[in-house]
Amino acid sequence: MTVAQPNVAYLLKRFPRLSETFILHEILELERQGVGLRLYSIMDSAETIVHADVRRVRASVSYLPSGKRAWHEVPKAHLALLKRHPGRYLGTVAYNLWHRPRRTALKHFLRAGWLAHELEAAGVTHLHAHFAHGPASVARFVSQLTGLPYSFTAHAKDIYTSPPASLANKMDAARFVVTCTEYNAQYLAGLVAPGTAERIHRIYHGLDLRKFGAPTHPAEAAAGDMPTILAVGRLVEKKGFSYLIDALALLRRRGYEANLQIVGDGDIRGALVQQIEAAGLQDRVTLLGPRPQEDLLDMYRHATLFALPCIVTDNGDRDGIPNVLVEAMRLGLPVVSTRVSGIPELIIDGDTGLLVPPRDTRALTDALARLLDDPHLRGRLAAGAARHVLHEFDLVDNAARLRELLDGAAA
C-alpha cells in the first residue's frame, strides 16, 4: 500500500527501544496501511541491541535537542512561536504559571516549543504521543501553543504513577485517548466526565501473526529434556522475578528439577544474582540479558512453559498486559501469571493459562508443578491460548482501529 504524505507525528520518549517492540510494530503496520508518519523521540536510544525491524521504518526520525544543541535551537523556536502566535504563547505561559509548575513541567514546555515549531514547518495536522506522562505532557503543551490536535496512548506505569488530576487534564484536552487494557480504560474513565470518557478507546497491542506462525506442541518440544521455564522482561520489581526464583527453589525441595531462563536486563539484576546464589540455584537459573525478538522466537519454541508473576509495587507501578505473554501464548507455550491489572483479560484461568495471586510464592509453585506434571494440561491450555491471541490480538485489526482514529483526528 502506498504511504500518504506524512501528516501525523508520533512522539516517543526513546526510539528505538527493545522493551517497546510493540510500538515499533504498530508504526510498521500503520505505514503498511497507508498512514504517513513522522517520528520524534525526546531522547536518544541508549541501547546497543536494536530490533532488526527498525530498518523497515520509512518515517523520518528526529530527536529533540539536548545539551549544546538545545541551547542553540530551543530559544529560537520559542521566539518564533511568540511572534507567530503571541496570544497562544503568552496564554500558555500564564496558564501554567498560575498552576505553579514543577521543574519537570518547565522541561516539557521548553521541549514542546521546539517540537511545535518543527511540526508547523512540516505541515503536521495531528500529534500522537505514546505514554501518558512526559510525552503526553509535551503534546499537551504543543497543542496549547499551536492549536494542533493531539492524542495519546496510555500504558501502565505512566498511568498509575501519575497524579490523577494531571491525567484528567491531559485527557480532557486530547482528541482521543487509547489504552491497552479494559482495566486501564475503566480506571481512566473514572477520572473524567462522561463526555471525555467516551473518547477513551481500549485497543490491545497487536501481534504480527505473519511472524508468529503456527503454535508448536509444548509437550513434544520438551520431550526427553529437562523442563525449561522461560521468563522475559526488564529486570525490575514489578515483573516479580524474585518470586519466580523462590518458586524454583521450592520446586526443587519438592523433588522437581527444571531450568529457569530469564531474558532481560535492568536495575535489580544484582539483587537477583545474589538471590540465586543464596538459594544455591546457579546451576538452574540463567540470566541471559536482553535479546532481540528474533532470538526470543527460538526460545519460546524450545521452552516447556512460560512464567511471569507480575506484582503491583508500593508506588503503584504495574504492567498492563505484558506483550511477552501474548507472544508466548501465540507460539503454543502454556503460561502462568498473576491477577494484576489487565492480565486476566489475556489469561482466562484454566482455559488459556493459569493465574495465581501476586506475591504468593506457594501458589506460584503449585501452578508450575501442575504444568510440569501434566503434559495434557499444558497442551490444552496452550491451544486455548493460541486461539485467544488469534481472535483478540491481531496487529492488523488492532492497528486498523487506531488508524481510523488518527484519520478522523488528522482530517
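The values are calculated or read from the model by the stated rules, or taken from the named source; none is laboratory data. Keep in mind the model is a prediction, meaning the values are calculated, not measured. Every residue, glycine among them, receives a Cβ derived from its backbone with ideal geometry; neighbour counts consider all protein chains shown.
Tell me yes or no: at least one residue of the stretch 79-100 is outside any helix (DSSP H, G or I), within 30 Å of Asp265 (Cβ to Cβ) and modelled with pLDDT under 95. Full working, then the answer.
Initially, the stretch 79-100 is screened for residues outside any helix (DSSP H, G or I), giving 85, 99-100.
This time we only want the ones that are within 30 Å of Asp265 (Cβ to Cβ), so: none.
Checked against the condition, which is being outside any helix (DSSP H, G or I), within 30 Å of Asp265 (Cβ to Cβ) and modelled with pLDDT under 95, the stretch 79-100 yields no hits at all.
Is it the case that some residue within the stretch 347-354 is in a helix (DSSP H, G or I) and surrounded by fewer than 21 Cβ atoms within 10 Å (Cβ to Cβ)? Lay out the reasoning, then the answer.
Going residue by residue through the stretch 347-354, those that are in a helix (DSSP H, G or I) are none.
The answer is no, given that none of the residues of the stretch 347-354 is in a helix (DSSP H, G or I) and surrounded by fewer than 21 Cβ atoms within 10 Å (Cβ to Cβ).
Could you list, in sequence order, all residues of the stretch 157-185 that are among the hydroxyl-bearing types (Ser, Thr, Tyr) and part of a helix (DSSP H, G or I)?
Correct list: Tyr160, Ser166, Tyr183.
Test Arg370 against the criterion of being outside the structural domain of Gly34 (by TED's automatic domain parsing), crowded, with 18+ Cβ neighbours inside 10 Å and of a type in the set (D, E, K, R), and give yes or no.
Criteria not met by Arg370.
With the checklist (1) in a strand (DSSP E or B); (2) closer than 15 Å to Thr304 by Cβ; (3) not basic (Lys, Arg) in hand, flag the one item Ala382 doesn't pass.
Ala382 satisfies all of (1) in a strand (DSSP E or B); (2) closer than 15 Å to Thr304 by Cβ; (3) not basic (Lys, Arg) except (1).
Any residue in the stretch 307-327 that is surrounded by fewer than 24 Cβ atoms within 10 Å (Cβ to Cβ), of a type in the set (A, V, I, L, M) and outside any helix (DSSP H, G or I)?
yes
Identify all residues within the stretch 395-406 that are surrounded by fewer than 19 Cβ atoms within 10 Å (Cβ to Cβ) and in contact (Cβ under 8 Å) with a residue 24 or more places away in the chain; write none if there are none.
Residues satisfying the conditions are Val396, Asp397, Ala400, Arg401, Arg403.
Kindly indicate whether Arg252 is assigned to a loop (DSSP other than H, G, I, E, B) and at pLDDT 95 or above. Talk me through it step by step, then tell me what you get.
Details: assigned to a loop (DSSP other than H, G, I, E, B): no; at pLDDT 95 or above: yes.
When the stated conditions are applied, Arg252 does not pass them.
Return yes or no: is Glu31 farther than 21 Å from Val326 by Cα and either modelled with pLDDT of 90 or more or among the acidic types (Asp, Glu) (or both)? Outline the logic, then answer.
Values: farther than 21 Å from Val326 by Cα: yes; either modelled with pLDDT of 90 or more or among the acidic types (Asp, Glu) (or both): yes.
In short, yes.
Go through the stretch 42-56 and give me each residue that's loosely packed, with under 12 Cβ neighbours inside 10 Å and either part of a loop (DSSP other than H, G, I, E, B) or not acidic (Asp, Glu) (or both). Write out each step before concluding.
We begin by selecting, within the stretch 42-56, every residue loosely packed, with under 12 Cβ neighbours inside 10 Å; these are 44, 46, 48, 52, 55.
Within the stretch 42-56, Ala46, Thr48, Ala52, Arg55 meet the criteria.
For (1) of a type in the set (Gly, Ala, Ser); (2) free of Cβ contacts under 8 Å to residues at least 24 places away in the same chain; (3) over 21 Å from Thr365 (Cβ atoms), each residue gets a yes or a no:
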site: Arg234; (1), (2), (3): no, no, yes
site: Ser242; (1), (2), (3): yes, no, no
site: Gly255; (1), (2), (3): yes, yes, no
site: Ala271; (1), (2), (3): yes, no, no
site: Ile276; (1), (2), (3): no, no, no
site: Asp283; (1), (2), (3): no, yes, no
site: Thr286; (1), (2), (3): no, no, no
site: Arg291; (1), (2), (3): no, no, yes
site: Leu297; (1), (2), (3): no, no, yes
